[in-house]
Amino acid sequence: GAVVSQHPSWVICKSGTSVKIECRSLDFQATTMFWYRQFPKQSLMLMATSNEGSKATYEQGVEKDKFLINHASLTLSTLTVTSAHPEDSSFYICSATRYQGAHRRYTFGSGTRLTVV
Amino acid sequence: AQSVSQHNHHVILSEAASLELGCNYSYGGTVNLFWYVQYPGQHLQLLLKYFSGDPLVKGIKGFEAEFIKSKFSFNLRKPSVQWSDTAEYFCAVNKAAGNKLTFGGGTRVLVKP
């Protein structure tokens with residue numbers, strides 16, 4: 001079945017530094033990937049849609065310059081949290097989508113827990 | 001904009017009890033509907049999905065869901081839960097012509113042994 005690998009699983013960084021999170025589709029090509037943020041005891045909030053070869057589409061309220069997304073290939077999207085601050089601490093999840101027949105399938109990565117100290 | 005609401009934030013029940021989790025969405029057009037489960041420390045896994053056809057959908061691990069279009073609902077059910085069903089459950093919806101999934105707030109289910 002389809003597998004999405006997300007790295008790292010967890011990261012602790014100092015305030016003011018940048019952190020890069022990778023999302024790879026291992027056995028399929030994903031023209032579209034999604035980045036979500038999940039606060040404790042809350043649902044997944046879509047941050048942005050990552051399109052291969054073009055600029056990401058950000059949801060309202062998400063800072064483009066803060067959360068840089070690069071989708072340079074059909075199997076890799078990266079999210080860079082720039083100049084991280086404690087309020088950026090959260091659980092970040094990526095999802096890759098592909099068509100099976102006429103319908104989209106969504107496969108999720110295992111998430112990255114970011115703690116900014 | 002579409003929204004998804006899950007009525008129960010927390011559910012506690014004993015093994016062998018029946019489970020029903022509510023999900024309602026707000027979008028009036030054609031939608032695809034999903035239920036995902038997130039076990040402690042693990043990633044989201046698809047339980048079941050509805051695209052079209054029979055509104056009663058059967059998924060993995062004995063779960064099923066019923067799409068009632070007139071009620072904009074897609075409730076999840078399991079006749080007899082096990083301790084291993086302890087997890088967080090998310091309902092999600094996307095427009096049939098779109099690609100963005102919108103998630104409900106999630107329901108934490110605790111099954112007592």
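Taken together, the values in this text are just the output of simple stated rules run on the coordinates, not laboratory data. A quick note: this is a predicted structure, and the numbers were derived from the prediction, not measured. Every residue, glycine among them, receives a Cβ derived from its backbone with ideal geometry; neighbour counts consider all protein chains shown.
Counting every alpha-carbon pair across the range B:55-103, the share separated by more than 16 Å comes to 52%. Projecting the Cα atoms of A:Ala84, A:Leu68, A:Gly16 onto the dipole axis of the protein assembly as shown, where Lys and Arg carry +1 and Asp and Glu carry -1 at the beta carbon, places A:Leu68 farthest toward the positive end. Under conditions of 25 °C and 0.890 mPa s, chain B yields 175 µm² s⁻¹ as its translational diffusion coefficient, taking Rh as the Kirkwood radius over Cα pairs in the Stokes-Einstein equation. Taking chain A, the Cys residues with no second Cys beta-carbon under 4.7 angstrom are A:Cys13. Within the same chain, aspartates and glutamates fewer than 8 places from B:Lys112 are excluded, and of the rest, those with a Cα less than 19 Å from its Cα are B:Glu15, B:Glu20, B:Asp85, B:Glu88. Residue-wise HN-Hα couplings along the range B:100-113, as the Karplus relation 6.51 cos²θ - 1.76 cosθ + 1.60 with θ = phi - 60° gives them from phi, are 8, 8, 10, 9, x, x, x, 10, 8, 10, 10, 9, 7, x Hz; Gly and Pro carry x. Taking 7 Å steps out from each Cα toward its Cβ at B:Ser26 and A:Ala102 produces label points 2.9 nm apart. Could you compute how fast the protein assembly as shown diffuses translationally, taking Rh as the Kirkwood radius over C-alpha pairs and applying Stokes-Einstein at 10 °C with viscosity 1.306 mPa s? Give it in µm² per second. Answer from the Stokes-Einstein relation: 87 µm²/s. Using the Karplus relation 6.51 cos²θ - 1.76 cosθ + 1.60 with θ = phi - 60°, the per-residue 3J(HN,Hα) values for the range B:66-77 come to 10, 8, 10, 4, 5, 9, 6, 10, 8, 7, 9, 9 Hz, with x marking Gly and Pro. Counting only lysines at least 8 places from B:Lys100 when in the same chain, those with an alpha carbon closer than 28 Å to its own are A:Lys20, A:Lys41, A:Lys55, A:Lys64, A:Lys66, B:Lys49, B:Lys58, B:Lys61, B:Lys69, B:Lys71, B:Lys78. Taking 0.36 nm per residue of sequence separation and removing the Cα-Cα distance, the A:His85/A:His7 pair yields an extension gain of 26.1 nm. In whole angstrom, the range A:56-103 maps to an equivalent ellipsoid with semi-axes of 25, 12, 11, each derived as √(5λ) from the alpha carbon gyration tensor and ordered largest first. Between B:Thr86 and B:Val111, the built amide H atoms are under 5 Å apart, and every one of these is 5 or more places off in sequence or on another chain.
Using Cβ point charges alone (K and R +1, D and E -1), the dipole size of chain B about the Cα centre works out to roughly 220 debye.
Each Cα pair under 8 Å and six or more residues apart adds its separation to the average, and for the range B:27-89 the resulting relative contact order is 28 percent. Residue-normalised convex hull volume from the C-alpha trace of the range A:6-53: 122 Å³ per residue. For chain A, the relative contact order comes to 36 percent (Cα pairs under 8 Å, sequence separation of at least 6). Dipole check for the protein assembly as shown: with +1 at the C-beta of Lys and Arg, -1 at the C-beta of Asp and Glu, and the Cα centre as origin, the magnitude is about 140 Debye.
Reducing the range B:18-92 and the range A:1-67 to their Cα centroids gives an inter-centroid distance of 24 Å. With the largest listed first and rounded to whole Å, the semi-axes of the equivalent ellipsoid of the range A:1-99 from the Cα gyration tensor are 22, 14, 13.
Contact order for chain B, expressed relative to its length and based on alpha carbon pairs under 8 Å spaced 6+ residues apart, stands at 37 percent.
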